Structure formats: structure tokens, C-alpha cells
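Read-outs throughout are calculated quantities, based only on the coordinates presented, and are distinct from any laboratory measurement. For clarity, every value in this text was computed on a predicted model and none was experimentally measured. Positions of Cβ are generated from backbone atoms using ideal geometry, with glycine treated the same way; all protein chains shown enter the neighbour counts.
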Amino acid sequence: MKPEYQKILFCSDFSLDADNAFQAALDLAERYGTRLYLLHVLPATDNLAGALEGHPEARKDNPDYRETIEQRKQKLIDRYLHRLGGYSHYEFQVLKGVPIVEIVRFARSQEVDLIVLGAAGSSKSNKLHFGSTAENVARRAHCTVMCIRNPKR
């Protein structure tokens with residue numbers, strides 16, 4: 001019998017909600033013995049969403065831009081690697097662009113069966129104008145999307 005989920009994508013914006021959602025993604029990956037992708041999207045400021053999310057380090061004229069991407073990747077690895085324990089079927093990715101677009105594009109390109117992300121993230125101030133990243137990913141994704149609420153909210 002084929003497992004329900006063969007590939008799971010966990011998306012992190014380094015918020016507390018993302019940290020909370022990680023455990024659900026890891027539990028499911030372990031349960032089904034599936035590939036787990038860990039993804040962070042560094043917003044680019046040459047688009048409206050990136051500019052509004054306030055990531056000045058993503059400006060193309062910043063000489064440390066490449067280093068910033070590597071720092072974000074290392075931060076993702078450092079933040080979740082110890083929590084993976086002995087789980088070895090994972091891959092880290094850091095992309096740049098519009099988070100919603102890049103998450104959906106990556107999920108489709110990797111033929112992901114499930115996307116797991118926090119219900120609210122670091123861009124709460126933009127939600128009033130644009131809706132949440134989780135909501136937009138759920139509307140656009142080709143697969144199931146699991147939004148995990150932080151029980152402390």
C-alpha cells in the first residue's frame with residue numbers, strides 16, 4: 001500500500017508559529033517514512049510583497065546579499081537540524097522571491113503531497129491588506145496544505 005504522503009514540504013519564516021508547525025511536519029514524515037523538504041523564502045525587494053515584509057538585507061544593491069542567503073540557510077539548518085534527531089530523509093532549501101509563489105512553485109516541481117506551515121507567521125502586519133501566506137498557499141497549491149496554529153495564541 002502506497003503511503004498517503006510521499007513528500008512533505010515544511011515552510012519556515014523563523015516565526016514561533018513555524019517552529020510549532022515543524023514538529024507536525026517531522027512527525028508525519030517519520031510516520032510515513034517520507035522525504036521532508038525544509039524551505040525558507042527570502043523575499044526579494046524588487047516586488048511589492050518583499051518590500052512590504054521589510055527585509056532590507058534582500059535589496060539587490062546590498063553587497064552582503066549572497067552572504068545573507070547563506071546565513072538564512074545556516075539559520076534554517078541550525079534551527080531545525082537538532083530537532084530532526086536521527087531522521088535523515090530531508091533536504092534544506094533557501095530560495096528568494098515572493099514567498100507564496102516560491103512555495104507553490106517548489107511544491108509543484110518536487111511533486112510534494114503535503115505542505116505544512118504555521119497559520120500565522122512573521123508578516124502579521126501585512127495580513128490586513130494581502131491575506132496570510134498560509135491562506136494564499138492553501139488557495140494556490142496543487143496538494144493538501146496543513147496550517148498549524150500556535151496553541152499559545
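Key figures for this structure:
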quantity	calculated
Per-residue HN-Hα couplings for the stretch 144-149 [Karplus 6.51, -1.76, 1.60; θ = phi - 60°; Hz; x = Gly/Pro]	5, 10, 10, 9, 9, 7
Per-residue Cβ neighbour rank within 10 angstrom, fewest leading, L9, L76, L16	L16, L76, L9
Amide hydrogen neighbours beyond the local backbone of L42, cut-off 5 Å, H modeled	L95, K96, G97
Fewest-first ranking of C143, C11, using other Cβ atoms within 10 Å as the exposure measure	C143, C11
Residue-by-residue Karplus 3J(HN,Hα) for the stretch 92-105, coefficients 6.51, -1.76, 1.60, Hz, glycine and proline x	9, 9, 10, 10, 10, x, 7, x, 4, 5, 5, 4, 5, 4
